[in-house]
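Written out below as structure tokens is the structure these notes cover.
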């Protein structure tokens, strides 16, 4: 009676080998290096976002709202005159009771919050001055934030620097092992952080008010994988 020998059994096991395991073994033999590079581009803000509030206090809700209508209308007229209407937006409207330092009722206060995007720092400075003159003591300046209109150029510069940094790190690590780097296997970019580039020049009014644009940063992170050769 015939019985399979050892060679037959080994051949039978080889025939049953999963092709996927062969591919996995070959892939495991491919050495790679993965590193993360960082790039930073410096930019100058070229626009400002102004947040202001018009308010009015009175003995009754009706009187507070009526007085706010006058202040709010003046605020909107000035903002529309110095910026585009689409850059002026109401962000809040409130009416609530007021109290004195002893906690006693002291009428009501109505507030209208507005956000205005200014094309440059000079416009922002001129807007603050015009609002103070027109709205008067009913005006409150909540904040003035400097921004950059278009981040694409700065992001591109930071991305190039991040890639060069990643490749340099990969070459250095490979060299420590006596190897070099080959083809790029994979690359992933992290979310850019920071504002965009700015090209605006502050208006004379901005200088008079002491508005300083300074510089801001755009940061990009790139992770790349290279073959080791």
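What to note about this one:
- Screening the stretch 128-147 for residues that are under 21 Å from residue 45 (Cα atoms) and touching a strand residue (DSSP E or B) at 6+ places or on another chain (Cβ under 6 Å) and picking the one that is surrounded by the fewest Cβ atoms within 10 Å (Cβ to Cβ) gives 143.
- Residue count for the stretch 69-81, restricted to those that are surrounded by 15 or more Cβ atoms within 10 Å (Cβ to Cβ) and touching a helix residue (DSSP H, G or I) at 6+ places or on another chain (Cβ under 8 Å): 5
- Looking at 95, 61, 52, 114, just one residue is surrounded by fewer than 17 Cβ atoms within 10 Å (Cβ to Cβ), in contact with a helix residue (DSSP H, G or I) (Cβ under 7 Å, 6 or more places away or on another chain) and at pLDDT 95 or above, and that residue is 95.
- Residue tally, condition surrounded by 14 or more Cβ atoms within 10 Å (Cβ to Cβ) and either in contact (Cβ under 8 Å) with a residue 40 or more places away in the chain or under 19 Å from the mean Cα position of the chain (by Cα) (or both), over the stretch 161-181: 12
- Of all residues in the stretch 93-127, those being touching a strand residue (DSSP E or B) at 6+ places or on another chain (Cβ under 8 Å) and within 22 Å of residue 64 (Cα to Cα) number 19.
- 1 or more residues touching a helix residue (DSSP H, G or I) at 6+ places or on another chain (Cβ under 7 Å) and at pLDDT 95 or above: qualifying helices (runs of 4 or more DSSP H) within the stretch 117-224: 121-135
- Scanning the stretch 148-160 for residues that are surrounded by fewer than 19 Cβ atoms within 10 Å (Cβ to Cβ) and over 30 Å from residue 114 (Cα atoms) yields 153, 156, 157, 160.
- Only a single item in (1) free of Cβ contacts under 8 Å to residues at least 24 places away in the same chain; (2) within 33 Å of the chain's Cα centre (by Cα) is not met by residue 118, and it is number (1).
The values are calculated or read from the model by the stated rules, or taken from the named source; none is laboratory data. Small disclaimer: the values here were computed from a predicted structure and weren't measured. Here Cβ is always computed from backbone atoms with ideal geometry, including for glycine, and neighbour counts include all displayed protein chains.
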